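Novice: What follows is a single structure, and I will ask about it in a moment.
Computed from the coordinates by the stated procedures, all read-outs in this text should not be read as laboratory data. From a predicted model like this one, the values you see are computed outputs, not experimental measurements. Glycine gets a Cβ as well: all are built from the backbone with ideal geometry, and neighbour counts include every protein chain shown.
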Amino acid sequence: MGVMLYAVRPAVLAQLDSAPRLKLMAAVLKRFFLGVWASVAVILATGLHLYGAGAMAASQARKIVLAAGGTPSAGLLPLGWNLMMGIGFLMMLLFIHIYVAGFRKMDKALGAGDNPAAAAALAKMHPFVVANFALGLLAVAAVKLLK
Ligand code: HEM
């Protein structure tokens, strides 16, 4: 989806003048954000379930290791898991900001026929979308590399 937006946005910016461009962007983003809300729900449900199961297994292992006189650092969850989850929560907060302070404002302005305000709201979304894209890559790197 990130690559799709990367491909669509500059082409749309280059080819359409203001009013139709804003309407097209609003329609594309509406569908795109539905997908993001669904992804957030799936990531929260599956991620928290996995994390909870991992935390329980780790604490059982910790008890056994400690009872056998092992090292107290045993049975802790990998740093990468915690980083991934923290980054995931941050991405969700950024997305809520993009949706409320960007998309909803843009949609309202378009409804009121205020194209400059809609364009300003759209432009404000962009850096947050780029930040979320980069954070997503960081989350994957963290969970894959930090065991
Ligand atoms: C609150 C949000 C999240 C929670 C609670 C969560 C939780 C988890 C857990 C517990 C695992 C299993 C780890 C393992 O078996 O090693 C996992 C795997 C994974 N997660 Fe997340 N996750 C979250 C968000 C994310 C995000 C935002 C991304 C990337 C954009 C991501 C990418 C991955 C990947 C690639 C794996 C597979 C790791 C592997 O196969 O080694 N997760 N997640």
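Novice: Has segment 106-113 got any residue that is more than 16 Å from residue 36 (Cβ to Cβ), more than 9 Å from the ligand (Cβ to nearest atom), charged (D, E, K, R) and surrounded by 14 or more Cβ atoms within 10 Å (Cβ to Cβ)?
Specialist: No, segment 106-113 has no match at all.
Novice: Going through segment 32-48 one residue at a time, which ones are more than 8 Å from the ligand (Cβ to nearest atom) and either in contact (Cβ under 8 Å) with a residue 40 or more places away in the chain or of a type outside the set (S, T, N, Q) (or both)?
Specialist: Result: 32, 33, 34, 35, 36, 37, 38, 40, 41, 42, 45.
Novice: Being farther than 16 Å from residue 101 by Cα and more than 12 Å from the chain's Cα centre (by Cα) is the filter; apply it to segment 26-41 and report the residue that is surrounded by the fewest Cβ atoms within 10 Å (Cβ to Cβ).
Specialist: Per the criteria, the residue is 31.
Novice: Starting from segment 62-88, keep only residues that are among the small types (Gly, Ala, Ser), then list their pairs with residues that are more than 16 Å from the ligand (Cβ to nearest atom) whose Cβ atoms are within a distance under 7 Å, requiring at least 6 positions of separation or different chains.
Specialist: Close Cβ pairs satisfying both conditions: 74/62; 74/65; 75/62; 75/65.
Novice: A further question on this structure: Take the residues in segment 74-98 that are more than 7 Å from the ligand (Cβ to nearest atom), more than 27 Å from residue 26 (Cα to Cα) and buried (at least 17 other Cβ atoms within 10 Å of the Cβ); name whichever of them is nearest to the chain's Cα centre (by Cα).
Specialist: Restricting to residues being more than 7 Å from the ligand (Cβ to nearest atom), more than 27 Å from residue 26 (Cα to Cα) and buried (at least 17 other Cβ atoms within 10 Å of the Cβ), the top hit is 83.
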